[in-house]
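Trainee: I am attaching a structure below and will ask some questions about it afterwards.
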Amino acid sequence: MKVLFVCLGNICRSPTAEGVFRRELARAGWQDRVMVDSCGVGRWHVGNAPDPRAQAAAQQRSIDISELRARQLKPQDFVDFDYVLGMDSENLAAMQAMKPDHADAHVGLFLDFADTAESEVPDPYYGGDQGFEHVLNLLEAAAKGLVEHLQRGR
Ligand code: 4NP
């Protein structure tokens, strides 16, 4: 099983989603069953490490995302991955526009797997540290939900 997380820059939300989901998989003993990656719709930050604020917020929860490097979403991703999950509706629109007709990846929002009131992960880039905490809380809820979803599917 392969899961790809998508946001705009691949330096805040989706690398954090990758780190949070990896930890949730490890807790379930499923780390060897699922391949995880993240990318961005935009190309401004390609090759860059996650935003220092995202790294610090994740580190506070003992999640290390410092080794991740940003890359851009490409059409082949919809062939290579089983789940391609965006953070907000803007990401989702860009993803749907790029998805090749023959690719049958599940394309949707990550928070569809969470029981949170919100359906989108807000972009924390221009906000304060509070925004990164909120992002982490949402991502943790969705990560738990997605692991349960994958486990039910067997
Ligand atoms: P992300 O946050 O999509 O969660 O990685 C952003 C990072 C950078 C920019 C926008 C959003 N930017 O415009 O550079």
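Trainee: Could you give the distance between the Cα centres of region 69-146 and region 1-48, to the whole Å?
Mentor: Cα centroid to Cα centroid, the span is 9 Å.
Trainee: Given H placed on each backbone N at 1.01 Å, which residues far from GLN72 in sequence or on other chains put an amide H within less than 5 Å of it?
Mentor: The answer is GLY40.
Trainee: Roughly how large, in nm² to one decimal, is the mean projection of the convex hull of the alpha-carbon atoms in region 2-151?
Mentor: 8.1
Trainee: With both bridge residues required to lie in region 2-151, what share of the DSSP beta bridges run antiparallel, to the nearest 5%?
Mentor: Of those bridges, close to 0 percent are antiparallel.
Trainee: Summing Lys, Arg as +1 and Asp, Glu as -1, what charge do residues with Cβ under 15 Å from the Cβ of GLY19 carry, GLY19 excluded?
Mentor: Combined, the nearby Lys, Arg, Asp and Glu give 0.
Trainee: Let me ask you something else. What order, most packed first, do the peptides 53-60, 8-15 have when packing is the mean number of other Cβ atoms within 10 Å of each residue?
Mentor: Highest-to-lowest ranking by the protection proxy: 8-15, 53-60.
Trainee: Mean separation of Cα pairs under 8 Å and 6+ residues apart, divided by the residue count of region 2-151: what relative contact order is that in percent?
Mentor: Normalised by residue count, the contact order of region 2-151 is 28 percent.
Only the coordinates and a few stated rules stand behind these numbers; no lab work does. Please read these numbers as outputs of a predicted model, since none were measured by experiment. Using ideal geometry, Cβ is built from the backbone for each residue, glycine included, and neighbour counts are taken over all protein chains shown.
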